[in-house]
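Quick notes on the structure that follows.
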Amino acid sequence: MKEKIIDISITLFEQKGFSDTSIQDIVDALGVTKGTFYYYFKSKEELLMDIHLRYIEELLEKQQEMMDDPTKTTKEKLLDIVYMLIHNIEKKGRQARIFFREMRHLNAEHLQNIKQKRDQFRYGVQALIERGIENGEFRQDLLPSIATLTILGAANWSYQWFKPDGEYTDAEVAKQMVTIFLEGIEK
């Protein structure tokens, strides 16, 4: 039942927004009582935090696996991370939209927890870029922090425009993004 509450809540939060979705809306959509909701979650905000944690912790786990892969170059790892973020839009687009759009509704303690995990992900990408600079795969004149924010800004914003059933696949979009990041658009 907990998973059903989460799934329907993601749908409702995406459609109506967190603020305009009531606990009553959630339980009505499931055909259960508020008691069922409160058995699993103390509040709607706790439910939102659960959604956020699931999203970012899965990304962190996958990122670590990619970073630890000794068979891949830094460039390949960067492509894998960008692909993961774009592919995640296809698999978990609704959850991604909730993560980015509804974070402002978390209380200060929960928001701090999510920001720490988000920063952990960012610093992982930054470490990868620094490694690429050190080993000669990437240009020496790059500012790793700006390069990281540029890459993550573009990849994370794709939840707004990437259409999994559109003209390009997630793999094509990720490859094009990394090509632009690494080679630029200058002739």
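The values are calculated or read from the model by the stated rules, or taken from the named source; none is laboratory data. These numbers come from a predicted model, not from an experiment. Positions of Cβ are backbone-derived with ideal geometry, glycine not excepted, and every protein chain shown enters the neighbour counts. The protein model used for the area step is the full one, side chains on, heavy atoms only, and it has no ligands, DNA or RNA in it. Shrake-Rupley method; radii C 1.70, N 1.55, O 1.52, S 1.80 Å.
For the stretch 163-179, putting each phi into the Karplus relation 6.51 cos²θ - 1.76 cosθ + 1.60 with θ = phi - 60° gives couplings of 10, x, 9, x, 5, 10, 6, 4, 5, 5, 5, 4, 5, 5, 4, 5, 4 Hz, in residue order, rounded to whole numbers and with x for Gly and Pro. For the stretch 1-144, the residue among Leu59, Ala127, Ile6 whose Cα projects farthest onto the positive side of the dipole built from Cβ charges is Ile6. Under conditions of 20 °C and 1.002 mPa s, the stretch 77-125 yields 179 µm² s⁻¹ as its translational diffusion coefficient, taking Rh as the Kirkwood radius over Cα pairs in the Stokes-Einstein equation.
Compute the helix-to-body angle for 74-101: its Cα long axis versus the longest principal axis of the chain, expressed 0 to 90° and rounded to tens. It works out to around 20 degrees. Each Lys and Arg contributes +1 and each Asp and Glu -1, all at the Cβ; summed about the Cα centre of the stretch 98-165, the dipole is approximately 240 debye. Can you give the translational diffusion coefficient of the stretch 1-104 in µm²/s, computed by Stokes-Einstein from the Kirkwood radius over Cα pairs at 37 °C and 0.692 mPa s? For these conditions, the coefficient is 218 µm²/s.
What you get for the chain, charging only the Cβ of Lys and Arg (+1) and of Asp and Glu (-1), is a dipole of about 400 debye around the Cα centre. Each of His87, Gly17, Trp157 was scored by the projection of its Cα onto the charge dipole of the chain, and the greatest displacement toward the positive side belongs to Gly17; charges sit on the C-beta of Lys, Arg, Asp and Glu.
Would you work out what percent of the accessible area of the chain, with all protein chains in place, is carbon or sulfur (probe 1.4 Å)? Summing carbon and sulfur atoms, their accessible area is 51 percent of the total for the chain. Note on the chain: helix-only mean residue ellipticity at 222 nm, from DSSP H runs of 4+ residues weighted -39500 (n - 2.57) and normalised by residue number, equals -24500 deg cm²/dmol.
Distance from the Cα centroid of the stretch 42-97 to that of the stretch 3-35 is 24 Å (rounded to whole angstrom). Averaged per residue, the chain has 56 square angstrom of accessible surface, using a 1.4 angstrom probe with ligands and nucleic acids left out.
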